[in-house]
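Asker: Sharing a structure here in structure tokens format.
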């Protein structure tokens, strides 16, 4: 289960999501199972102690962390982690799904 980007958003980059890429050397079949909050759940930042916010600001890796490109960004040739995060759990889940199944 990938909670990385959700926790990254809610903790103001204190926890940074791990980039996940599957590089398959041959055709494969995969199946996904998603379980989570109500799709309308807002991804509201948590109240963080100032020392954690200061730690994020002092770390380029954390302060500059973005989110994985969305499907339309990938199709336009963008890559990396410069995308903005979603506002709701449902939007984030849809981003995961469309990145995994781009032919839909």
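Since every read-out is calculated from the coordinates, none of them should be taken as a lab result. Fair warning: this is a prediction, and the values are worked out from it, not measured in the lab. Note that each Cβ is placed from the backbone with ideal geometry, even for glycine, and that neighbours are counted across all protein chains shown.
Asker: Let a ≥ b ≥ c be the square roots of the eigenvalues of the Cα gyration tensor of region 22-66; is it rounded (a/c under 1.5), or, if not, prolate (a/b larger than b/c) or oblate?
Answerer: oblate
Asker: Then there's this: Just want to confirm a number: the relative contact order over region 1-70, from Cα pairs under 8 angstrom separated by 6+ residues, in percent.
Answerer: 42
Asker: Another question about this same structure. Using 0.36 nm times the number of residues separating residue 88 and residue 64, minus their current alpha carbon distance, what extension gain do you get?
Answerer: My answer for the length gained is 6.5 nm.
Asker: Provide the FRET efficiency to the nearest 0.05 for the residue 23-residue 54 pair, computing r from the beta carbons and using R0 = 30 Å.
Answerer: Efficiency computed from Cβ-Cβ geometry: 0.20.
Asker: What shape does region 2-51 take by its C-alpha gyration tensor, where a ≥ b ≥ c are the square roots of the eigenvalues and a/c under 1.5 counts as rounded, a/b above b/c as prolate, and the rest as oblate?
Answerer: oblate
Asker: Sticking with this one: Residue 104 versus residue 31, label points 7 Å from Cα toward the beta carbon: distance in nm?
Answerer: For residue 104 paired with residue 31, the spin-label model returns 1.6 nm.
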